[in-house]
Amino acid sequence: MFKRIGWLIGLLVLLPMIAVAQDAPEGLTIEDAQIAESVGTFGQPLLELRGQIVNTGENAIADITLYAEAFAADDTAVAEGFGTPVDACGAGLLFDFALQPGHAQTFVIPLEVFGDAPIDRFEITPSGTHVEPLPPLDLPTAIHPVVTDQSVVQVEWVNERFLRYGVGCRADIFSVWDWYTFNIRAVQPFPTEHPHAADVTPELAQTLQLDDPNASRLTFAPTGDRLVFQNAINTLMTAGFSGEARRTLYSLLSRRTLQEIYWLPEERFITYYFGGYGDPVYYFTANAEARPISPALDGNPPSITLPGASWDGRRIVYSSEWEAGVFGYTLYVVTNGFEERLFEAIPPGNNYPPPLPLTNPADNLIDQIYLPLDMEGEPRLMCYNRAEAQLYDLAPLPLRLRQDERAQWWLSPDETRIALAVSAAEGGLWVIDLTALPACGSGVE
């Protein structure tokens, strides 16, 4: 199993006694503190103190910093360091982060060692400022109470009742995430292994010629027998599960950044390419046999938000500026270039989930489109009824995203539920029961 080089890996060393200073802000406690060796950006060895900072009080706590001092058995100081709360990728959180009551967050304190004596004990001094907590989210019963408040990066529906989800850093390969299975009729998830975690081996990396498995975006089709990845020069390729029968899908993509490969049924997928928040999103659809469905990356109209694909990969709903100051969503058929302007709306950022187009089984035409919109500062779940040309407001969404944080969602196989995952410090997973929400149109059951 591959591990990324950085703070998430390391050789844990003998844990000395760790104490928390008495003048820590009320409600702020330290749990699961560990000393670990890691490797820095330039290959230098590092010693770090890692753990969880927990808010057991009634107020939120902002401006959190941590000072650690290490002592030898004779009370001589031998190391010290300053640290902060970090996200799932080990990056320090912005100063507007506030640890909410009842929540925990990972911290990292890099240490400067200046003594030769063995470390006997640590003292950690956290500091912070009490602020008003965020108001609780008032969600309808159709949105299942948060399944987890961890940073969820991917969801795979096993069937209509079961899903599995991965927790970790979205820059990592999926096999190092912590995976859980959840029954939508149950209360608690339980730990599990991803069915393809054991397939990620050094032999596979050698066969696929992967210099950096994390950068490859390696992903296995949830159904079928093929995988998709990009090589060191960003050529997108597919192969069998053991790396056999490699096929090139698209090359000359080195000036684009692949952010996600989003699976559709029957080994189809849509790719998302963009640099960061605010950048236009480029995309294409194809299948794991390396057969394109849409034109190549630059042959499709770019989108402000993540574009959403129908399950056959032939129809896309994307957002753009129609004309000066007028924004809206457009239905685009990739196989013939047909476009239909659907409705005007100010799109959210590309860190929001994409539209979810649903087809009518009777005629296989797109008739409903679920999407998130920011309505006067509040994220809302909306649904567009194409036959009525009407946009319906269905429910609030539990999204509090900073620009460097993302949300994604996945439709259940029977199209009755949406699993909404938030990869953020205030992350989580929610299950939205569409059948328990208001209808998407006057004539919809």
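The values are calculated or read from the model by the stated rules, or taken from the named source; none is laboratory data. None of the values given here were measured: they were computed from a predicted structure. Here the Cβ is made from the backbone with ideal geometry for all residues, glycine too, and neighbour counts use every protein chain on show. In case anyone asks, the SASA skips ligands and DNA or RNA and just uses the protein heavy atoms, side chains included. Shrake-Rupley method; radii C 1.70, N 1.55, O 1.52, S 1.80 Å.
Quick notes
- Filtering LEU249, LEU253, LEU258 for residues that are at pLDDT below 95 and either within 26 Å of ASP211 (Cβ to Cβ) or buried (at least 21 other Cβ atoms within 10 Å of the Cβ) (or both) leaves a single hit, LEU253.
- Selection count where residues are within 24 Å of THR248 (Cα to Cα) and open to solvent by 10 Å² or more (accessible area, probe 1.4 Å), scope the stretch 301-332: 7
- Options ALA186, ALA197, ALA117, ALA171: the member that is surrounded by fewer than 20 Cβ atoms within 10 Å (Cβ to Cβ) and without any contact (Cβ under 8 Å) to a residue 12 or more places away in the chain: ALA186
- Residue match in the stretch 342-350 (condition: open to solvent by less than 20 Å² (accessible area, probe 1.4 Å), without any contact (Cβ under 8 Å) to a residue 24 or more places away in the chain and under 29 Å from LEU252 (Cα atoms)): no
- PRO354 meets all of the listed conditions (1) open to solvent by 30 Å² or more (accessible area, probe 1.4 Å); (2) at pLDDT 95 or above but one, namely (1).
- Filtered residues of the stretch 223-238 (kept if under 16 Å from GLN154 (Cβ atoms) and open to solvent by less than 70 Å² (accessible area, probe 1.4 Å)): LEU227, VAL228, PHE229
- Qualifying residue in the stretch 205-219 (condition: in a loop (DSSP other than H, G, I, E, B), open to solvent by 60 Å² or more (accessible area, probe 1.4 Å), closer than 25 Å to PHE284 by Cα and of a type in the set (A, V, I, L, M)): no
- Qualifying residue in the stretch 140-155 (condition: open to solvent by less than 30 Å² (accessible area, probe 1.4 Å), more than 30 Å from GLY224 (Cα to Cα) and part of a strand (DSSP E or B)): yes
- Of the candidates GLY51, GLY92, the single residue that is open to solvent by less than 10 Å² (accessible area, probe 1.4 Å), under 24 Å from the mean Cα position of the chain (by Cα) and either closer than 14 Å to PHE122 by Cβ or not β-branched (Val, Ile, Thr) (or both) is GLY51.
- Residue match in the stretch 96-114 (condition: out of contact with any strand residue (DSSP E or B) (no Cβ under 7 Å at 6 or more places or on another chain) and within 25 Å of ASP172 (Cα to Cα)): no
- Within the stretch 261-363, strands (runs of 3 or more DSSP E) holding 2 or more residues that are in contact with an Asp or Glu (Cβ under 9 Å, 6 or more places away or on another chain): 268-273, 282-287, 326-333, 356-360
- Matching residues, the stretch 229-251, being touching a helix residue (DSSP H, G or I) at 6+ places or on another chain (Cβ under 9 Å), closer than 17 Å to PRO292 by Cβ and in a loop (DSSP other than H, G, I, E, B): ARG246
- Looking across the stretch 63-74, the residues that are open to solvent by 10 Å² or more (accessible area, probe 1.4 Å) and not aromatic (Phe, Trp, Tyr) come down to ASP63, ILE64, THR65, GLU69, ALA73, ASP74.
- Enumeration of residues in the stretch 95-106 that are in a loop (DSSP other than H, G, I, E, B) and open to solvent by less than 20 Å² (accessible area, probe 1.4 Å): PHE97
- Out of ALA436, ALA389, ALA395, one residue alone is in contact with a Lys or Arg (Cβ under 9 Å, 6 or more places away or on another chain) and over 17 Å from PRO307 (Cα atoms). It is ALA395.
- Qualifying residue in the stretch 75-83 (condition: over 13 Å from VAL113 (Cα atoms), free of Cβ contacts under 8 Å to residues at least 24 places away in the same chain, assigned to a loop (DSSP other than H, G, I, E, B) and open to solvent by 10 Å² or more (accessible area, probe 1.4 Å)): yes
- Note on the stretch 185-204: residues that are touching a helix residue (DSSP H, G or I) at 6+ places or on another chain (Cβ under 6 Å) and either in a loop (DSSP other than H, G, I, E, B) or modelled with pLDDT under 90 (or both) amount to 1.
- Some residue of the stretch 378-386 being open to solvent by 60 Å² or more (accessible area, probe 1.4 Å), in contact with a Lys or Arg (Cβ under 7 Å, 6 or more places away or on another chain) and either over 25 Å from PRO280 (Cβ atoms) or touching a residue at least 24 places away in the same chain (Cβ under 8 Å) (or both): no
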